[in-house]
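> Quick one: this structure, given as structure tokens, is what I'll be asking you about.
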Amino acid sequence: MPSNKSLSDAPITQFVNCRILKDHRLQREDLWVREGKILNPEKLFFDEEGFADHKIDCGNKIIAPGFIDVQLNGGYGIDFSQASDDIIGGVALVAKKILEHGVTSFCPTLVTSPTVIYHKVIPEIRVQDGGPEGAGVLGLHLEGPFISKEKKGAHPAQFLRTFNAGVVADLMETYGHLENVAMVTLAPELANSGAAIRELAGRGITVSVGHSMADLSQAEEAVQNGASFITHLFNAMLPFHHRDPGIVGLLTSDRIPPGQTVYYGMIADGIHTHPAALRIAHRAHPAGLVLVTDAVTAMGLPPGRHTLGQQQIDIQGLHAYVAGTTTLSGSIATMDMCVRHFREASGCTVEAALEAASLHPAQLLGMSHRKGTLEYGTDADFVVLDDTLTVRETYIAGQQVWRK
């Protein structure tokens, strides 16, 4: 227990017999936790003369930072783009269920919707810490409606919008307000999008380019204006061409402002992206890869017909299609499944696969000082995995919130 010199009377837990992901590699080291934070054991020993109250033997398993999903449309029968009678309850249900897949934080994602839906749903979904009741909410991801008609994918055409000269008025008229919004996906070739990107980035909102016909110079201009993410790379954008690689070219562009990283989302479900394309992206720009599920209502449910926003979708095996078409409509993948598939398909290290679901999304959202790592002083959100990268336990703020 803590000594007389201890800075706190709170109990200290020591996780032993584990390999922890730190400084980009798995290290045989104990993990110390107090008051929901990762503790520096040297300071504990030498400054406080303290020691552990509880020891947990991890059986030689891996401890990695908790997974962060920045694109999750719903699951388990819940559709975040529907104005149900219990929006908060729906988010809470999904937040609870995704703990078993190692997700400790996420961005509930709304697809292109009528204005009335945004005005009803956005005020209800607030940023909140995770805990035994479920994964934390980092803020909303608004995917649309300022996207390309030609690359709308599963988004309903009748609700797409463009920017007029007064982008602030356009944003507010569409969304209602921008509190609790973490990310907005838009098409950078739309007129006046540069002003919109600058406005959103200036408010601390991550701007992503996607569902877009943009060429490389338009994508580079968007990044220079403050965009920092690509929504589901390769999907709903111009295909790579050697004379104009389009948005995909951002991965190796030499016109990215100094000190800035462009991140890109990958749906590593074995359906949205061919393994060879996954490998090309990862080898071109490994530090920017962010695994996303893009999961829809039907995640965790049997095959059949479900909804995504204003559309009907059919689940056939592992495929989600807009009903009556062959247009892919999100996925039914879970984050742990994406981590395993990415590791297998790319041939990357275990460390790289885990960081693509933890460190990189935290860096993208500007919160790697407290999430996505096991550095001293960060939030003690982590997962315990076996060597097959199957999640065995999930912890939030140092508290076990799920166990297999």
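> Condition check: farther than 30 Å from residue 203 by Cα and either acidic (Asp, Glu) or at pLDDT 95 or above (or both). Does residue 339 satisfy that?
The answer is yes for residue 339.
> Give the residues of the range 28-64 that are more than 18 Å from residue 382 (Cβ to Cβ) and assigned to a helix (DSSP H, G or I), sorted by residue number.
42, 43, 44, 45, 46, 47
> Would it be correct to say that residue 185 is open to solvent by less than 50 Å² (accessible area, probe 1.4 Å) and assigned to a strand (DSSP E or B)?
In short, yes.
> A follow-up question, please. Scan the range 38-76 for residues that are under 20 Å from the mean Cα position of the chain (by Cα) and among the small types (Gly, Ala, Ser) and jot them down.
Residues satisfying the conditions are 64, 66, 74, 75.
> Can you confirm whether residue 140 is crowded, with 19+ Cβ neighbours inside 10 Å and over 15 Å from the mean Cα position of the chain (by Cα)?
Considered against the rule, which asks whether it is crowded, with 19+ Cβ neighbours inside 10 Å and over 15 Å from the mean Cα position of the chain (by Cα), residue 140 comes out as no.
> Pairs please, first residue from the range 63-79 and in contact (Cβ under 8 Å) with a residue 12 or more places away in the chain, second anywhere and open to solvent by 10 Å² or more (accessible area, probe 1.4 Å) and part of a strand (DSSP E or B), Cβ atoms under 6 Å, 6+ apart in sequence or on different chains.
Within 6 Å, the pairs are 79/307.
> What is the residue count in the range 23-43 for residues that are within 20 Å of residue 399 (Cα to Cα) and either open to solvent by less than 100 Å² (accessible area, probe 1.4 Å) or not assigned by the TED database to the domain that holds residue 382 (or both)?
Result for the range 23-43: 12.
> Just to be sure I understand, how many residues within the range 44-79 are surrounded by 18 or more Cβ atoms within 10 Å (Cβ to Cβ), among the hydrophobic types (A, V, I, L, M, F, W, C) and more than 27 Å from residue 357 (Cα to Cα)?
Looking only at that region, the number is 2.
> Looking at 293, 297 in this structure, which one is touching an Asp or Glu at 6+ places or on another chain (Cβ under 6 Å), farther than 10 Å from residue 233 by Cβ and either assigned to a strand (DSSP E or B) or at pLDDT 95 or above (or both)?
Within the list 293, 297, the selection yields 293.
> Do the conditions hold for residue 120, that is, is it over 30 Å from residue 64 (Cβ atoms) and at pLDDT 95 or above?
Judged against the criteria, residue 120 is a match.
> I'd like to check something: does the range 349-368 contain any residue that is more than 17 Å from the chain's Cα centre (by Cα) and in contact (Cβ under 8 Å) with a residue 60 or more places away in the chain?
Yes - at least one qualifying residue is present in the range 349-368.
> Related question: Going through the range 8-27 one residue at a time, which ones are within 22 Å of the chain's Cα centre (by Cα) and part of a strand (DSSP E or B)? Lay out the reasoning, then the answer.
In the first step, residues of the range 8-27 are kept if they are within 22 Å of the chain's Cα centre (by Cα); the result is 20-25.
Once the filter is applied, which keeps residues that are within 22 Å of the chain's Cα centre (by Cα) and part of a strand (DSSP E or B), the range 8-27 yields 20, 21, 22, 25.
> Among the numbered criteria (1) touching a residue at least 40 places away in the same chain (Cβ under 8 Å); (2) open to solvent by 30 Å² or more (accessible area, probe 1.4 Å); (3) on the phi > 0 side of the Ramachandran plot, which one does residue 317 miss?
Exception for residue 317: condition (1).
> Next question, about the same structure. Just give me the residues in the range 188-204 being open to solvent by less than 10 Å² (accessible area, probe 1.4 Å) and either touching a Phe, Trp or Tyr at 6+ places or on another chain (Cβ under 6 Å) or touching a residue at least 40 places away in the same chain (Cβ under 8 Å) (or both), in sequence order.
Across the range 188-204, the qualifying residues are 193, 196.
> Across the range 379-393, which residue is surrounded by the fewest Cβ atoms within 10 Å (Cβ to Cβ) among those that are out of contact with any Gly (no Cβ under 7 Å at 6 or more places or on another chain) and under 17 Å from residue 25 (Cβ atoms)?
387
The values are calculated or read from the model by the stated rules, or taken from the named source; none is laboratory data. All values derive from a computational prediction rather than experimental measurement. Positions of Cβ are backbone-derived with ideal geometry, glycine not excepted, and every protein chain shown enters the neighbour counts. These area figures cover heavy atoms from the full protein model, side chains too; ligands, DNA and RNA do not enter into them. Shrake-Rupley method; radii C 1.70, N 1.55, O 1.52, S 1.80 Å.
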